[in-house]
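Before any comments, here is the structure.
Values quoted throughout were computed directly from the atomic coordinates according to the rules given, and no laboratory measurement underlies them. Fair warning: this is a prediction, and the values are worked out from it, not measured in the lab. Cβ: placed from backbone, ideal geometry, glycine included. Neighbour counts: every protein chain shown.
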Amino acid sequence: MAVEKLFKDEATEEKGERARMASFVGAMAIADLVKTTLGPKGMDKILQSTGRGHSVTVTNDGATILKSLHIDNPAAKVLIDISKVQDDEVGDGTTSVVVLAGELLREAEKLVGSKIHPMTIISGFRMASECARSALLDRVKDNKDDAEKFRSDLMRIAKTTLSSKILSQDKEHFAKLAVDAVMRLKGSTNLESIQIIKKAGGSLKDSFLDEGFILDKKIGLGQPKRIENANILVANTAMDTDKVKIYGARVRVDSMAKVAQIEGAEKEKMREKVQKIIGHGINCFVNRQLIYNFPEELFADAGILAIEHADFEGIERLGLVTGGEIASTFDNPESVKLGHCKLIEEIMIGEDKLIHFSGVEMGQACTIVLRGASFHVLDEAERSLHDALCVLSQTVNDSRVLLGGGWPEMVMAKAVDELARKTPGKKSHAIEAFSRALIAIPTTIADNAGLDSAELVAQLRAEHHKEDSNAGIDVITGSVGDMSELGISEAFKVKQAVLLSATEAAEMILRVDEIITCAPRRREDRM
Amino acid sequence: MALAFDEYGRPFIILREQESKSRLRGLDAQKANIAAGVAVSRILRTSLGPKGMDKMLQSPDGDITITNDGATILEQMDVDNQIGKLMVELSRSQDYEIGDGTTGVVVMAGSLLEQAEKLLERGIHPIRVAEGFEISSRIAVDHLEKIADKFDFSATDIEPLVQTCMTTLSSKIVNRCKRSLAEIAVKSVMAVADLERKDVNLDLIKVEGKVGGKLEDTELIYGIIVDKDMSHPQMPKQIEDAKIAILTCPFEPPKPKTKHKVDIDTVEKFQTLRKQEQKYFDDMVQKCKDVGATLVICQWGFDDEANHLLMHRNLPAVRWVGGVELELIAIATGGRIVPRFQELTTDKLGKAGLVREKAFGTTKDRMLYIEHCANSKAVTVFIRGGNKMMIEETKRSIHDALCVARNLIRNNSIVYGGGAAEISCSIAVEAAADKYPGVEQYAIRAFADALDSVPMALAENSGLQPIETLSAVKAQQIKENNHCFGIDCNDTGTNDMREQNVFETLIGKQQQILLATQVVKMILKIDDVISPSDY
């Protein structure tokens, strides 16, 4: 007897083969979507938001593309999630991870079709990914001790990362920018201290790294435009009217004269506050909150440069670079640490005036000023640079380096293939499939570059049959080349994360044999 | 429709708007209910065992859950059928009581219902069936008691516990590193366990997850992790030998509960008020400093001024810490939660060996570790994993493992897994059946058949021939009079579960049988379903 209704209305259930098909198809669709952006000759996508203004983004970054998609397929959401995590953890390889997971599932689909149990496939995949990882570990290079070589490693990684992005024309320039910026961090992964300012105009080549700190603010009227040997007080305090914070307090007066008195008292209070601030012996005051005209005028009278309304991160960074602490009370000037810098001046970039702090004490933070023809270019440039910075900062911590251009995939595929030959039982099919999925990545890179992928990959495989080969795909000449000579490197951490999360995601999707979708929550139409 | 008439021949209204309600009675009602129950159990059947598959669930908001845990699947399933909801309840109560075996209990109930349907078709009264099931469940539970093995463990020898937890974890997606996770689970339970009273308070174990890294990075921290950072970016990121003031009052001017107004009408008043305000902040911070605190953890926010004063006095602080976390911190550090600054004293401070802030990945995620606490009775399991769903599933798996470890500490009897216990019970029940006169005999036999369904499902999911495998194992158990034989799901070559180290807790198994029987009895007793028609 059939059950009439087990679930609520609109809730759907898909079982067995159908469920598996649905998730395979969804996952592969996502992988195919981003596939064309892979590699140095990958293409970009235009994304148009459905929100107000229909703003447009042009990008090549896998995570950004996937984040903006509206997806209904549950399996596809798993892939989007891994790409997001990849972005958060290592910053780069967001496309590769999705493509690899998609290829794994494509291979798995064939195996399921030939009646191999998903659990067997999973255990094969696990063995393969373990083997691939150890193969990579065997071939990593670590130049941590040699500062000179390490720097050139970083340069190569930065160039490789950037070469698939919009910045590829000036990758030399930007790689240098990124490496310089990251080296200043001295091992910290806190990318917040690298500030990126985007200013439309000029060309990408005009972008530069500034050792000091640039604040996108204007200097108050009538105040000095240039200060040498500045003592800076960084503050977060109300410089409008200081409210009485005790709950329930209110002003109650019975005559105009009293109002005037209280107003006077208020003004006096502000004047006192300003006096106290000036008493710190400063000549520059930066506040996170508004500064009203009255205190601003007082500051101007005292010859102090007052900057209002710096955003929170700006304040934090400024505190970091100048070595001052962020103050909110001003009663004991002797114990407040002031920030110092050699020179504060107003500079012009394009048409905008900015405040430039140079000769700062702690050299950790720095600013990269990006110039470019349009906002879209700038946005994309920022994303690319961010990717490069992420990878570099992670590499500084984990300095193991691999070659690029499909080399790691081929090394892994070779090791996995050998494992497959040694493994008895049905698992070996799954292991073999894993190596095929790995080879799909160089294939895609070649395809995207408009090369004869079948020919190239076959050549590459033959090349890798020799011990210690450095062969990879040289997209520029369209042939197999020596990657170490061409200077194409990738960070081990990125590759490892790609391998592990892609396997994990494929495993998760493979294990599913039923999809139950609840009825979507009804939303009131806000239109 | 049955109608009743009063003495004037007018029909009584028994059911309001009788015509618009659909109604099922008698055998039809029972069959419909059974069908619904079986349908629910069939969904879970494929999730059973180490080779069981996962289910993907999409919530009304479009969030995805991928899980293997029976209770979670049913919880998220949006079941509308009343009997279906009963099954959901069933799995939930197993989850609350035992924490593990939530899939097994539903599969068990489903197969009991299937068997009951056959008996009903033969014309046996449902109540007799129910009674027969009741008798046999008692036999099965007693039998389990008999075949259960005690095993010894101590604070130093946790190996047996780890083995049992591994059995639980092997059916989850995390089975890749079941060994390390099982160890983490057991160690954390041992850390908080009260071995004297044989009691474990699982609330003391916090399971925290953060996306990123890999599963192998999951670690056990003897202390607390709070997903917060220092209130001022320039406060020290690491404090050794911290003395922690745990506050539930904000660093803000007081807000008396009674309504009041402070009127300012002269300049003097304005100025005194201002002075007081400043003094108030100063006092608060001074108070914390005076009692010797080196870290302030507060449930509420701080005013900018207070924040700076804290920073100024070199007193790091954390704000907006949740109530539960606050309690855990208090337990771990041996401090007291202080609701008012006036009540802050030195002996109310908590102590921790090391407090540090740690950053993750490329984003600015930071977490606060409080370690080497005075009282190590609160621990945190910190899970890392490739994606959100993985973390969620790992959390659930760890929860199951924790529950199993706890149950073992409460009662260290175990039975063998892999269907061995069920097969053994089935043999015992079958043997007992013949002794009962009357119709119940059939019900008891049916119960024995139902018990076989769990090993059957295991074999099916592992890709073995279900009937062949089951009968072979059963014959082996009887021939060698050994209750350790089960289904060899992992293809290891032996089906002696003692060798494979596949254990389950006795109370878990007993509870499964009892709960399943209870629900089936309840369903069988329903003979009338009245539901409002579609509107």
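Points worth noting:
- Over all other residues within a Cβ to Cβ distance under 12 Å of A:Thr36, the charged ones net out to 0, with Lys and Arg as +1 and Asp and Glu as -1.
- About the centre of its Cα atoms, chain A shows a dipole size close to 780 debye [charges on the beta carbon of Lys, Arg (+1) and Asp, Glu (-1) only; nearest 20 debye].
- Summed residue charge, Cβ within 10 Å of B:Gln299's Cβ, Lys/Arg positive, Asp/Glu negative: 0
- Normalised by residue number, the volume inside the convex hull of the Cα atoms of the range B:425-499 is 81 Å³ per residue.
- Between the Cα long axis of helix B:323-333 and the first principal axis of chain B there is an angle of about 80°, rounded to the nearest 10.
- Per the Kirkwood formula applied to alpha carbons, the range A:76-213 shows a radius of gyration over Rh ratio, Rg over Rh, of 1.08.
- Shielding value for A:501-510 is 4, the average number of Cβ atoms from other chains within 10 Å of each residue's Cβ.
- Calculated log₁₀ intensity ratio I(q)/I(0) where the Debye formula runs over C-alpha points of the range B:249-316, q = 0.11, 0.17 Å⁻¹: -0.32, -0.69
- 3J(HN,Hα) from dihedral phi, the range A:471-479, Karplus parametrisation 6.51/-1.76/1.60, rounded to Hz, x for glycine, proline: 6, x, 8, 9, 5, 5, 8, x, 9
- The range A:106-173 - convex hull of the alpha-carbon atoms, volume per residue in Å³: 117 Å³
- Protection proxy ranking, highest mean first, for peptides B:443-450, A:75-82, B:146-153, B:426-433: A:75-82, B:443-450, B:426-433, B:146-153, where packing is the per-residue count of other beta-carbon atoms within 10 Å, averaged.
- Proximal lysines to A:Lys353, defined as alpha-carbon separation beneath 22 angstrom and excluding residues fewer than eight positions away on the same chain: A:Lys198, A:Lys199, A:Lys205, A:Lys217, A:Lys218, A:Lys225, A:Lys342
- Across chain A, Cα pairs under 8 Å and at least six residues apart give a relative contact order of 27 percent.
- When you restrict to C-alpha pairs under 8 Å that are six or more residues apart and normalise by the size of the range B:224-375, the relative contact order lands at 38 percent.
- Only alpha carbons enter this Debye calculation for the range B:224-375, each as an equal point scatterer, and the log10 of I(q)/I(0) it gives at q = 0.15, 0.19, 0.20 Å⁻¹ is -0.76, -1.12, -1.22.
- Other protein chain Cβ atoms within 10 Å, averaged over every residue that makes up A:322-329: 6
- Approximate shape of the range A:352-404 as ellipsoid semi-axes (Cα gyration tensor, √5λ), whole Å, largest first: 26, 21, 6
- Fraction of the pair-distance distribution of chain B above 41 Å, Cα-Cα pairs, percent: 40 percent
- Centroid-to-centroid, using Cα positions, the range B:210-239 and the range A:433-504 are 37 Å apart.
- When only the Cβ of Lys, Arg, Asp and Glu is charged (+1, +1, -1, -1), the dipole of the protein assembly as shown relative to its Cα centre reaches about 1060 debye.
- Ratio of Rg to Rh for the range A:382-457: 1.11 [Cα atoms; Kirkwood radius as inverse mean 1/r over pairs].
- Radius of gyration (Cα atoms) of the range B:189-267, expressed as a multiple of 2.2 N^0.38 Å: 1.88.
- Mean shadow area of the range B:311-406, taken as a quarter of the surface of its Cα convex hull (nm²): 8.7 nm²
- Residue-averaged 222 nm ellipticity for chain A, from DSSP H runs of 4+ at -39500 (n - 2.57), nearest 500: -16000 deg cm²/dmol
- Secondary-structure-derived ellipticity at 222 nm for chain B, considering helices only, amounts to -15500 deg cm²/dmol, per-run term -39500 (n - 2.57) for DSSP H runs with n ≥ 4.
- Förster radius 56 Å - calculated FRET efficiency between A:Thr50 and B:Ala29, Cβ distance, rounded to 0.05: 0.65
- Using alpha carbons only, the radius of gyration of the range A:397-508 set against its Kirkwood radius gives Rg/Rh = 0.98.
- Dipole in debye (nearest 20) - the range B:224-375, about Cα centre, beta carbon charges: Lys, Arg +1; Asp, Glu -1: 140 debye
- Counted by Cβ distance under 14 Å from A:Ile349, the other residues give a net charge of -1, where Lys and Arg count +1 and Asp and Glu count -1.
- Peptide A:74-86 - average C-beta neighbours from other chains (10 Å radius): 5
- Å³ per residue enclosed by the Cα convex hull of the range B:362-422: 128 Å³
- Shape box of the protein assembly as shown [Cα atoms, principal axes, largest first, Å]: 108, 86, 67
- Cα long-axis angle, helix A:16-35 against chain A (0 to 90 degrees, to the nearest 10): 60 degrees
- Mean projection area, nm², convex hull over Cα of the range B:105-237: 14.3 nm²
- HN-Hα J in Hz across the range A:138-144 - Karplus 6.51, -1.76, 1.60, θ = phi - 60°, x for Gly and Pro: 5, 9, 6, 10, 10, 10, 4
- Packing-based order for A:495-507, B:171-183, B:407-419, using average beta carbon neighbours within 10 Å, highest first: A:495-507, B:407-419, B:171-183
- On Cα atoms only, tilt of B:440-461 relative to the major axis of chain B in degrees: 60 degrees
- Share antiparallel - DSSP beta bridges, the range B:224-375, percent rounded to 5: 65 percent
- Cα gyration tensor of chain A - equivalent ellipsoid semi-axes, whole Å, descending: 54, 31, 19
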